[in-house]
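Data first, discussion second: the structure below is written as structure tokens.
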Amino acid sequence: MFKKKGMLAGLLSFGLVLAACGGDGNDEGNNGNTGGNGNANNTETNNDGNADANGGSEYTGGPHEWRFVTEETEGQVQYVYAEEFADLIHEKSGGQITIDVYGFGELGSEVDQVEQLQTQIVEFAIISPGFTGTLVPEGNLFALQFLFPDDNEVTQQILDESEAINVHLREQYEQHSITPLAFWTEGAMAWTGSSPLQNPDDFSGFQMRTQESPLILRSYEAYGANPTAMSWGELYTGLQQGAVDGQENPLFFIEDANFNEVQDHLTVSRHNHYVTMTTVNTEFYEGLDEETRALIDETTEEMRDRAFEIQEEQNGVALDLIEEDTDNPTEVYELSEEERDQFRELAIPVRDYFRENGGDNAEMILDMLEEEIAEIEGN
Ligand code: 6CS
């Protein structure tokens, strides 16, 4: 049985100590920025707060009303996570903190959402590093295919425990007002295509849709593809009309976004894990009183296992759903280990490209992460 190791406990307490020391005792003082649709709920929050406070909550730092934007729509992994996160915070604060959850497209594109977090239009966001590729070049790390172990659970352990990620990469994001509180997997990715994708030659001239990360593009260029960055809001139509030939995503997302309706082939490639981040605006977070920050930290910790369960549940049924959709038949192909090795061989040199072009700290962060991965895999 897989065991959690000591590094996590160290890191987490390190985070809590930082949280405890960082506050100046002031409340965040920027509820004004959260305007918009909050008015009706504000009354509700205060009322709930009083009611629940009588019910036993010891939280004294409210009331607050915050916003949490995700890159996915209702029912999808990030959205379910954000709803549960909001519910937990509401409950723990005795109803004094309300978080309104926004789905993809409600406030703009994925890249718009990054800016909204930076400017505190929203306090919380789920941001995939693929959409911060030019802002935080070190975040391109997650575009490196075949870097993390195949095992999703071991990969999540690394995401939870890695100092390279949770300390050094986090610092890079914080310079841009983005504090990643947790890094988590939404599952191993698969490829879909209008033609079969079984070996690197199949990518020759293939118009691959990617997120905004220059390194994701680079990774597909290494296979001979012509990658194009695109928001997922345009992807279904892009695939349908042939603007792009294929894309990568976890199985749950391929199924839920109905990409199988407009793609004939699906390759179970497990070439990478889809990694995303629970983020909070840095100035907002650091300006909170200790009690409120501790509440957020505690909730983030409680959500770690839930994030894994939510993606596991959804990914676990997605391939069957795709295969059962006989109105939209999909040819499913699982790469053999030998076939995966052919891709791995082409993917590994991209790590050196990242070391040289992934920002000032890319080499240090990747070297440390590779050591951490080797350590965990060796155990
Ligand atoms: O492919 C994308 O861009 C989308 N994929 C997932 C799994 N979540 C949101 C993201 O924008």
Among the residues of segment 116-139, what is the count of those that are away from the ligand (no atom under 15 Å from the Cβ), modelled with pLDDT of 95 or more and under 25 Å from Thr228 (Cα atoms)?
4
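Pick from segment 216-235 the residues that are out of contact with any strand residue (DSSP E or B) (no Cβ under 7 Å at 6 or more places or on another chain) and within 20 Å of Gly187 (Cβ to Cβ): which of them is surrounded by the fewest Cβ atoms within 10 Å (Cβ to Cβ)?
Trp232
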What is the number of the single condition among (1) touching a strand residue (DSSP E or B) at 6+ places or on another chain (Cβ under 8 Å); (2) of a type outside the set (Gly, Ala, Ser); (3) open to solvent by less than 40 Å² (accessible area, probe 1.4 Å) that Val350 does not meet?
(1)
Of the residues in segment 209-224, those that are in a loop (DSSP other than H, G, I, E, B) and within 16 Å of the ligand (Cβ to nearest atom) number 3
Which one of Ala307, Ala374 is part of a helix (DSSP H, G or I), modelled with pLDDT of 95 or more and under 19 Å from the mean Cα position of the chain (by Cα)?
Ala307
As an exercise: evaluate Glu106 against (1) under 19 Å from Pro180 (Cα atoms); (2) at pLDDT 50 or above and give the number of the one condition it does not meet.
(1)
Checking Glu283 against (1) open to solvent by 40 Å² or more (accessible area, probe 1.4 Å); (2) farther than 27 Å from Gln118 by Cα; (3) away from the ligand (no atom under 15 Å from the Cβ): exactly one of these is not met. Which one?
(2)
Taking into account only those residues within segment 185-208 that are open to solvent by less than 10 Å² (accessible area, probe 1.4 Å) and within 24 Å of the chain's Cα centre (by Cα), which is farthest from the ligand (Cβ to nearest atom)?
Gly193
Residues of segment 225-274 being part of a helix (DSSP H, G or I), of a type in the set (Val, Ile, Thr) and within 13 Å of the ligand (Cβ to nearest atom), which ones?
Ile254
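For the structure I just gave you, tell me whether Asp289 is open to solvent by less than 30 Å² (accessible area, probe 1.4 Å) and modelled with pLDDT of 95 or more.
For Asp289, the condition - open to solvent by less than 30 Å² (accessible area, probe 1.4 Å) and modelled with pLDDT of 95 or more - is met.
The values are calculated or read from the model by the stated rules, or taken from the named source; none is laboratory data. Just so we're clear, the structure is a prediction, and the values are computed from it rather than from any experiment. Neighbour counts are summed over all protein chains in view; Cβ atoms, including those assigned to glycine, are modelled from backbone coordinates with ideal geometry. Side chains included, ligands, DNA and RNA excluded: accessible areas come from the protein's heavy atoms. Shrake-Rupley method; radii C 1.70, N 1.55, O 1.52, S 1.80 Å.
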